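In what follows, a structure is listed as structure tokens, so that the remarks can point back to it.
The values are calculated or read from the model by the stated rules, or taken from the named source; none is laboratory data. It should be emphasised that the depicted structure is a prediction, and the values quoted were computed from it without experimental measurement. Every residue, glycine among them, receives a Cβ derived from its backbone with ideal geometry; neighbour counts consider all protein chains shown. Note: accessible area is taken over every heavy atom of the protein model, side chains too, but ligands, DNA and RNA are not part of it. Shrake-Rupley method; radii C 1.70, N 1.55, O 1.52, S 1.80 Å.
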Amino acid sequence: MYRLFNTHNIRRVREAGGLWDFRVENGSYSGKLAVPSCFEVIPALAAYKGRAEYRKSFELCGNVRLTFKGVSHTARVFVDGAPVCEHYNAYTEFSADLTLEKGQHEIVVEVDNSYSDASALHVENDYYTYGGIIRPLLIEELSTAVINYIHITPRLTESGWCATVTSEIESKSKERAEYTLRYSLAGKPIGEKKLTLAPDEKITLTESYSFRDVTPYTPEEPKLYELSATLYDGERAVDDLIDRVGFREIKTEGKKLLLNGKPYRLLGFNRHEDYNSLGSSIPLQAMMRDLALIKESGANSIRTCHYPNDELFLDLCDEMGILVWEEAHARGLNEKQMSNPCFIPQSLKCIEEMITHHYNHPAIFCWGILNECVSDTEFGRECYITLFDRIRSLDQSRPRTFASNKHFKDICFDTEELVSINMYPLWYTFFETESTKRMLDKLKDHVEETGNSHKPFIVSEIGAGGIYGYRAESACKWSEERQAQILDAQLTDVLADPDVTGVFIWQFSDVRVDESWFNSRPRSMNNKGVVDEYRRRKLAFEVVKRHFGGK
Ligand code: ADA
């Protein structure tokens, strides 16, 4: 399963899952491997870093699109021995279009999860880069033209809801042809457009429609509508694409974040895609388990630290009314790493793929970039501006932000619509350790000095470590008791401050990290979860539930 709803009635799409022939370059394993999955599910490969190869044959014919929802972290794809595409970054979708004679065709996917100068975003880090075809792979049968995406931007006007609908249509034919594109919402026709495509031409069409009698999307009532686009050649339907829309608007008004005009306070978690021995390839039932716990805690939002998430998870957030800060891939990169010539191109590509494929999710309320990167130098500032400009060129409907740890030296608060700050008072000794309130007040004063106190202010990370099952009367650091005490004190001060628009606890669950982080990460894990990697609750879970009003 790759979406929670049917995305096509005309286009034939099948999942190319199941068992593939698989081997790793160093010869330590060859056999079968499930797609999707991380290759770390094979015990012998639990710490494997390097190249691996998947191989499987399929009956294919005509215009075919191979759509990869996620390959970690570099993919090189071959069909019948010929290279067809390659892609960098584990967390965004990519595809390859082919025209094939009818018959058996062998697909080979070469995967690499090792670190090198060719990888500016997947680096040794405080989360783990797993390996493999971690998300679904689709085989799509195309006709003479294809609808690549439909983007829907709802807007509330005096006379009710309307929406701009932008579609990208691509010719897969060597002939010039005329088509009709028909839209419908929840099965009701809403409009059509005539178009002509030259051979191999790609065009975008934008229309506005009004929707008088729709129910707004709110977290309390997350009403979703299926919007479908169908492409006709005469009266013959040649392609279609169905996506979902929620009629909601995100705006800021001073320090407030407005959802459909009403102030909304974010009570959230940072959540990595890491599910104990399944790694970053998480099935629907495990996503459900996380969201059930998150909902039970009283949280109403999630930050996808530090990369775009699986769209199946975003579908669930849409359905459950859990708002999402989705983030382009980057964590804690220094000036040398941001000077890697691959850094800007790989970051821009990640942003383009993230927004192109996730644009319609009503749960996504903002786009984030460059977590704790270099936002305190002119060089770094240019990078933030370059990436934020690309976001704005792709989406004018959502605010932008980045989580800063440069605090009193940060010079980029003016480049974003939401000011977000990571802070760990009472945990890390280099922070103000007596009082979260004092630390918060100092940070807000600095934001005011930089002329950005008129914007919503979010505590994008706050928390402490606690090792599941380690109980100590001393309540020493790494005990569950101390983690619960610190989170209690932090949340008391943060939530008592009316200037704080939202808070995201670091973090939902314990996650694996690169071994180079072992000295500050017992078990080579980031142990700041309120549940451990098996989703077993720590004492801190009940503390969060009390502060977030969980039931
Ligand atoms: C930073 C970083 C997180 C994590 C956290 C921690 O704020 O953004 O990814 O590393 O610190 O656990 O210290």
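For the pair the stretch 268-297 / the stretch 1-54, the C-alpha centres are spaced 20 Å from each other.
Counting only residues at least eight positions apart within a chain, or on another chain, the aspartates and glutamates with an alpha carbon under 17 Å from that of Lys255 are Asp414, Glu416, Glu417, Asp441, Asp445, Glu448, Glu449, Asp497, Asp499. Kirkwood's formula applied to the C-alpha pairs of the chain gives a hydrodynamic radius of 24.5 angstrom. Accessible area of the stretch 12-142 with a 1.4 Å probe: how many percent of it is carbon plus sulfur? Carbon-and-sulfur percentage of accessible area, whole number: 50.
Amide H contacts of Tyr29 (H built 1.01 Å from N, in plane; Pro and chain starts excluded): Val24 sit under 5 Å, all sequence-distant by 5 or more or on other chains.
For chymotrypsin sites (Phe, Trp or Tyr not before Pro), the sites in the stretch 3-41 that DSSP calls loop and that have at most 15 other Cβ atoms within 10 Å are Phe5.
Amide H to amide H, with H built 1.01 Å from N, Ala472 comes under 5 Å of Glu480, Glu481, counting only residues 5 or more places away or on other chains. Could you work out how far helix 378-394 tilts from the main Cα principal axis of the chain, as a 0 to 90 degree angle to the nearest 10? The answer is roughly 40 degrees.
Taking the C-alpha atoms only, the angle from helix 311-320 to the longest principal axis of the chain is near 70 degrees. The helix-based estimate of mean residue ellipticity at 222 nm for the chain, built from -39,500 (n - 2.57) per DSSP H run of four or more residues and divided by its residue count, is -6000 deg cm²/dmol to the nearest 500.
For the chain, the longest principal axis of the Cα atoms and the long axis of helix 436-449 meet at an angle of about 60 degrees.
From the square roots a ≥ b ≥ c of the eigenvalues of the alpha-carbon gyration tensor of the stretch 12-142, which class results: rounded (a/c under 1.5), prolate (a/b over b/c), or oblate? Working shown, then result.
Working: a/c = 2.04, a/b = 1.58, b/c = 1.29.
Prolate.
Please work out the average accessible area per residue across the stretch 31-123, using the 1.4 Å probe convention, and give it in Å².
36 Å²
Couplings for the stretch 264-270, taken from phi via the Karplus curve 6.51 cos²θ - 1.76 cosθ + 1.60 with θ = phi - 60°, read 10, 9, 7, 10, x, 10, 7 Hz in order; Gly and Pro are left as x. Note that the stretch 274-283 has calculated 3J(HN,Hα) couplings of 7, 10, 5, 6, 8, x, 9, 9, 9, x Hz, one per residue in order, obtained from phi through the Karplus relation 6.51 cos²θ - 1.76 cosθ + 1.60 (θ = phi - 60°); glycine and proline are x. Centre-to-centre separation between the Cα atoms of the stretch 457-506 and those of the stretch 56-89: 44 Å.
Evaluated at 20 °C with a viscosity of 1.002 mPa s, what Stokes-Einstein diffusion coefficient in µm²/s does the stretch 145-245 have when Rh comes from the Kirkwood expression over alpha-carbon pairs? Mind showing how you got there, number by number?
Details: Rh = 14.4 Å.
My calculation gives 149 µm²/s for D.
Under 5 Å from the amide H of Cys38 lie the amide H atoms of Ser281, each residue being 5 or more positions distant or on a separate chain, with H modelled from the backbone and absent for Pro and chain starts. Tally Lys/Arg at +1 and Asp/Glu at -1 over every other residue whose Cβ is under 11 Å from the Cβ of Trp325; what's the total? Result for the local shell: +2.
Averaging sequence separations of C-alpha pairs under 8 Å and six or more residues apart, then dividing by the length of the chain, give the relative contact order as a whole percent.
Numbers: 1358 pairs, mean separation 68.7, N = 551.
This gives 12 percent for the chain.
From largest accessible area down, sort Ile458, Ile344; use a 1.4 Å probe on the protein chains. Don't skip to the end; give the middle numbers.
Details: Ile458 0, Ile344 50 Å².
My answer, sorted largest first, is Ile344, Ile458.
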